[in-house]
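Have a look at the structure below, then the notes.
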Amino acid sequence: MTARVLKVAGFGYQSQATLASLEKALDQLIVQYGPIDRLAAAHSMLPLVQALGSARNLPVIDVADAKLGSVTTLTHSAYSLREKGTGSVAEAVALLAAGSGARLLGPRTVSDDRKATAAVAQTISTGFVRKVGERRLDKAKINEKAEFTGCK
């Protein structure tokens, strides 16, 4: 397995946002940081980001809304804090989707129409990528299953 740098773009957006809003925000990130490997969204915002992923042929990572407040973000929106419990949905989603050890490449970008935000987190990938909705097993569950089946 070879390790490589992985860039994940996280999105946040208002209910009035369109696919074009997200496309413009993504294009701004690409100009600033180069190619993006994955897209990510909070579960409640997944459909529009999935449409963008489909249009751009990029995998989309689903992030649980309940985890958004667990991340420290670079920027702070009163609206995001009130509605989602985080200073920036885009930044929190990018960090959570990129995984442990990820870092933001900069503060969120705002689309030209001001209806969407996007941020990029970077991490090192070991080549394993989960599909949307696929759950990660923890070591305790794996050991428990190994003991039950007699395998170790």
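Restricted to helices (runs of 4 or more DSSP H) entirely inside the range 1-95, those with at least 1 residues that are touching a residue at least 12 places away in the same chain (Cβ under 8 Å) and surrounded by fewer than 15 Cβ atoms within 10 Å (Cβ to Cβ) are 19-33, 46-56. Within the range 96-112, the residues that satisfy the criterion of being open to solvent by 80 Å² or more (accessible area, probe 1.4 Å) and under 25 Å from residue 124 (Cα atoms) are 100, 103.
The rows are residues; the columns are (1) over 20 Å from residue 6 (Cβ atoms); (2) under 14 Å from the mean Cα position of the chain (by Cα); (3) not aliphatic (A, V, I, L, M).
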| residue | (1), (2), (3) |
| --- | --- |
| 43 | yes, yes, yes |
| 53 | no, yes, yes |
| 60 | no, yes, no |
| 79 | yes, no, yes |
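The values are calculated or read from the model by the stated rules, or taken from the named source; none is laboratory data. Keep in mind the model is a prediction, meaning the values are calculated, not measured. Cβ atoms come from the backbone with ideal geometry, glycine included; neighbour counts cover every protein chain shown. The accessibility values were calculated without ligands, DNA or RNA, using every heavy atom of the protein model including side chains. Shrake-Rupley method; radii C 1.70, N 1.55, O 1.52, S 1.80 Å.
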